[in-house]
Amino acid sequence: MATQTRPTRKRGSTPPAAAPEAAPPLSREQLLAAYRTMLLSRRLDDKEVQLKRQNKIFFQISGAGHEAVLTAAGFVFKPGYDWFYTYYRDRALCLALGVTAADMLYEAVGAAIGPASGGRQMPSHWGSKALNIPSSSSPTGTQFLQGIGAAEGSLRAKLLGLTDGFHDDEVVFVSTGDGTTSQGEFWESMNTASNLKLPVVYVVEDNGYAISVPVEVNTAGGSISDLVASFPDLHVERVDGCDLVASYEALWRAVRHARERKGPALVHAKVIRPYSHSLSDDETLYRPAEERDAEAARDPLVTFPAWLVAEGHATEQQIADTAESVDAEVLAATDDALEQPQPDASTVGWAVYSPDVDPTGEQFDTEDDPQFSGGDATMIDQINAVLKDEMRRNDRIVVFGEDVADVSREEYLGKVKGKGGVFKATHGLQTEFGSARVYNSPLAEANIIGRAIGLAQRGFKPVVEIQFFDYIWTAFMQLRDELATMRWRSNNTFAAPVVVRTTYGGYIRGAIYHSQTGASLFTHTPGLRVVCPSSAIDAAGLLRTAIRCDDPVLFLEHKHLYRQTYNKGRYPGANFMIPFGKARVVREGTDVTVVTYGATVQRALAAANQAAEAGGPDVEVIDLRTLNPWDQDAVYASVKKTSRVIVAYEDSISWGYGAEIAARIADDCFAWLDAPVKRVASTDTFVGYAPSLEDAILPQQETFRRAYEEIVQF
Ligand SMILES: Cc1ncc(C[n+]2csc(CCOP(=O)(O)OP(=O)(O)O)c2C)c(N)n1
Ligand SMILES: [Mg+2]
């Protein structure tokens, strides 16, 4: 079943006696080819070190010492079939999978033709569409949840009968250093991988250090494989990662476990790190000579060729010939790479968002053709209806998050009404679309976003829920450093068009932790669309656009607006879309413009009507509806008409969303202004619980009234 699988083996019990199958022995040709890959990897590092010292490249981090286990991995994983969530030490693996020496050096020189990032990322940040190596990044540990998301793709494809882009026995490789297993996301991913029996193989490349911090500081007891041993269905291998043959055999067993869908596996490989952490690090500062000498004796580039010759697998001559051919290849690749131009400066803005699907375009504008049905419906009802319509239309949509399912224990379905979200936005979805498409996540926000990114890379369209904006922060790394950057950093090769719905905002007596706004932290993140409807119909039209477009979208749903009567509307039909960047003039006026969004729209409007009735200024109220992009044209046209503008938002006043809008207006409409741009917003505090506090903190109708009077008196 989809949401949970039961462990087949209890902790401490004896595993079922499996046929003692062993890895097929590597042939002489394979062993010699392995040596060539290992040497090519090392020589590329050496070349990069040299180029860096000559200032011809700008960063170097090596895979030195990790070559044996990674080259061995090349024998058991299949490029373009399995999936690879790598980290910066994985040069030898990438070579074994088919990334070329030239490809690697293109990235080092920052060449436009670099296949991983086209000069946008540092070298050793691997990525290849053809080989199924999704773009990797620099934050240590973000690969885990994405990797298990990709593995979850295999599981869900099987459950849903999707075959396009999937193979029955595919597996996902996820690698990491020893230090990086300290990240919480490692443990979150292990929990889910084990719980769902996902076909993922973790390879921990334990070189004993995280920069200068030794493994016993990072890992309780010093051994990650000991710590994870009790995860149900996890197959654990411990191996000398400097020993190619032993590594191959361990990896083979681990991969078999995952291919046979018996659960995840973890290979704990002890490797060495002869070249310090990176070229910016000098390990002699924290490692004495005796420790480094002992490590050098294990160097696979020394021991492996010696073993090949001693065991009669290769001759001295073959070893020498291999070195000669590797050197020639590195030389040719270097000459080639140094000739390659860097990207043109004019390309900086390309592929921040999808260059192919434009959610501001006309194909996303059916606002003038609503097909109304039913009576007035609330915002929450319309969000629910859109989710259902879109899930009917697109069988790759999956919905998950905390409490979003009707009932996780499927045997209860039909006996109970079902939860369907703490606000009921997803109610009935699991019942209609099944547990493979609508399911609860663990209570872990990074888990939701990281998995969604992995699923998106496998062709799913995740529409996930973060239950409260106040708790989005554990997912912030995945949102800001991963989701939003994926397309740009991979030069449009990979993308993560996930829709993240989240509830936000105050006016509900929700105090500090159920009232947060903070949209500007996300509008300040290039690559992310940020949407914030104030009415039921706008929510319907904008959510549909969010789901159908090809960019990641943060969809902000104001809790206070979910069930108001003033913003209800009739459901505008299954093809109703509002494009991003199209504001709505809620009230026309001639004297003052108010630019706002979310729950302050109604307060601005009520105050405007009150002012008009009292013979005060005639206020034009503009609801932005989308915060990134925002409708400059509509705002500027109004400002040029009224010459007085207030930017209003629920967030605390300083550093908030309105600062940017105010600055833009000041820049572009200065000549039309008869008064300084004014802001109406919350106090620079958190939101208090007692009504006396909340009312004083959040902007009220009266706050708007005063602002209207003040600005016309300037
Ligand atoms: C989230 C995060 N924190 C800190 C860093 C800086 N950093 C880069 S690599 C690294 C050490 C990683 O050690 P380990 O996981 O053992 O991998 P190794 O480099 O030894 O292969 C650190 C602290 C980072 N890139 N990302
Ligand atoms: Mg390490």
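Please treat every number below as a calculation from the coordinates, not as lab data. Bear in mind that the values here come from a model prediction, so they are computed numbers and not experimental data. Note that each Cβ is placed from the backbone with ideal geometry, even for glycine, and that neighbours are counted across all protein chains shown.
Could you give me the ³J(HN,Hα) list for region 592-605, computed from phi with Karplus coefficients 6.51, -1.76, 1.60 and θ = phi - 60°, whole Hz, x at Gly and Pro?
Computed from phi, the couplings for region 592-605 are 9, 9, 10, 9, 8, 6, x, 6, 7, 4, 5, 5, 4, 5 Hz.
Straight distance only, please: which aspartates and glutamates reach the Cα of Lys461 with their own Cα at less than 12 Å, same-chain residues fewer than 8 apart left out?
Glu390, Asp395, Asp550, Asp551
In degrees, nearest 10, range 0 to 90: what is the angle between the Cα axis of helix 244-259 and the longest Cα principal axis of the chain?
Once rounded, one gets 40 degrees.
I'd like the Karplus ³J(HN,Hα) series for region 531-547: coefficients 6.51, -1.76, 1.60, θ = phi - 60°, whole numbers in Hz, and an x wherever there's a Gly or Pro.
In residue order, the calculated couplings are 10, 8, x, 10, 10, 4, 5, 4, 4, 4, x, 7, 5, 5, 4, 4, 6 Hz.
Given labels modelled 7 Å from the Cα in the Cβ direction, how far is it in nm from Glu432 to Ala675?
Simple spin-label model gives 4.7 nm for this pair.
Under a straight-distance cross-link criterion of Cα-Cα below 24 Å, which lysines are reachable from Lys56, leaving out those fewer than 8 residues away in the same chain?
Lys56 reaches Lys47.
Take Asp668, Asp403 and order them by how many other Cβ atoms sit within 10 Å, fewest up front.
Going from sparsest to densest Cβ surroundings: Asp668, Asp403.
Antiparallel versus total DSSP beta bridges in region 584-713: what percent is that, nearest 5?
Antiparallel bridges: around 20 percent, rounded to the nearest 5.
Considering only DSSP beta bridges where both residues belong to the chain, give the percentage that are antiparallel (nearest 5).
Taking every DSSP beta bridge within the chain, about 15 percent pair in antiparallel fashion.
Got a sec? How would Tyr286, Tyr209 order by Cβ neighbour count within 10 Å, fewest to most?
Neighbour counts put them in this order, fewest first: Tyr286, Tyr209.
Can you tell me the length gained on complete extension of the stretch Ile512 to Asn55, counting 0.36 nm per residue apart and subtracting the Cα distance?
Contour length minus the Cα-Cα distance gives 159.5 nm.
Under a Cβ-only charge scheme (Lys and Arg +1, Asp and Glu -1), can you give me the dipole magnitude of region 34-340 about the Cα centre, in debye to the nearest 20?
Charge dipole of region 34-340: 760 debye, to the nearest 20.
Can you pick out the pairs among Lys158/Lys262; Lys568/Lys678; Lys582/Lys640; Lys388/Lys568 whose Cα atoms lie more than 21 Å from each other?
Beyond 21 Å between Cα atoms: Lys568/Lys678.
Which whole-number percent is the relative contact order of region 34-340 (Cα, under 8 Å, 6+ apart)?
22
In deg cm²/dmol and to the nearest 500, what is the mean residue ellipticity at 222 nm of the chain if only DSSP H runs of at least 4 residues count, each as -39500 (n - 2.57), divided by the residue total?
Dividing the helical sum by the residues of the chain leaves -11000 deg cm²/dmol.
At 7 Å along Cα-to-Cβ for each site, give me the label-to-label distance between Gln632 and Ala690 in nm.
Modelled inter-label distance: 4.6 nm.
With axes computed from alpha carbons, what is the tilt in degrees of helix 632-642 against the longest principal axis of the chain, rounded to the nearest 10 within 0 to 90?
It is inclined by approximately 20 degrees.
Be a star and scan region 86-123 for residues whose amide nitrogen sits under 19 Å from the point 7 Å along the Cα-to-Cβ vector of Glu311.
none
Kindly put Tyr566, Tyr202, Tyr88, Tyr649 in sequence by how many other C-beta atoms sit within 10 Å of each C-beta, fewest to most.
Going from least to most buried by this count: Tyr566, Tyr88, Tyr649, Tyr202.
Which far-off residues, 5 or more places away or on another chain, put their amide H under 5 Å from the one on Arg570, with H placed in the peptide plane?
Ala377
Gain in length, Ala614 to Glu324, computed as 0.36 nm per residue apart minus the alpha-carbon separation, to one decimal in nm?
Between Ala614 and Glu324, full extension yields 95.4 nm more.
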